[in-house]
Amino acid sequence: SVIIPVEVPFTTTLAPMIGSPLSSTTVPLMFFFDTLVIDKPKQYRKSDPLAWTLLPLLYMVFALLNGLVLKWPVPGAKDSPFPYFFINRFGWLYVVKMATIIFVAYLLAGCGLFSLKKIGKKGTDHH
């Protein structure tokens with residue numbers, strides 16, 4: 001699997017129009033494409049969907065730790081040191097609810113991809 005990083009200079013006025021669709025739509029769609037079409041069959045372990053799910057949650061923990069304890073500034077963020085505007089706007093219950101929904105969605109998507117790769121190529125693997 002190959003991921004090509006795309007760096008968008010966030011000093012331009014086009015950055016929000018380019019950066020947000022890239023990170024919110026294009027990257028996830030290319031992840032599914034890469035996993036389903038390019039990656040070798042049966043290269044994933046059963047624990048991989050959980051690992052894929054834990055990484056975004058670990059980032060969320062870091063972001064909340066930064067906002068509450070470390071207070072490192074987030075450049076250009078109106079709600080710095082929180083990189084997420086919705087903490088101040090919607091509250092902690094909303095954050096916990098959305099984190100739970102994202103956790104379940106990532107886990108289900110990861111298990112689905114794992115199953116598709118395992119089942120879809122069952123007859124072609126002669127190991």
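The values are calculated or read from the model by the stated rules, or taken from the named source; none is laboratory data. All values reported here derive from a predicted model rather than from experimental measurement. Cβ sites come from the backbone with ideal geometry, for glycine too, and all protein chains shown count toward neighbours. Remember, those area values only see protein heavy atoms, side chains included, never the ligands or the DNA or RNA. Shrake-Rupley method; radii C 1.70, N 1.55, O 1.52, S 1.80 Å.
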Those residues of the range 33-62 which are within 14 Å of the chain's Cα centre (by Cα) and either open to solvent by 100 Å² or more (accessible area, probe 1.4 Å) or of a type in the set (Gly, Ala, Ser) (or both), in sequence order: ALA51, LEU55, LEU58, TYR59
Pairs with Cβ under 8 Å, 6+ apart, first in the range 102-127 and more than 13 Å from PHE31 (Cβ to Cβ), second among the hydrophobic types (A, V, I, L, M, F, W, C) and modelled with pLDDT of 85 or more: LEU107/LEU50
Of the criteria (1) in a helix (DSSP H, G or I); (2) at pLDDT below 80; (3) under 15 Å from the mean Cα position of the chain (by Cα), which one ILE3 fails: (1)
Qualifying position, being at pLDDT below 80 and open to solvent by 100 Å² or more (accessible area, probe 1.4 Å), among LYS122, LYS71: LYS122
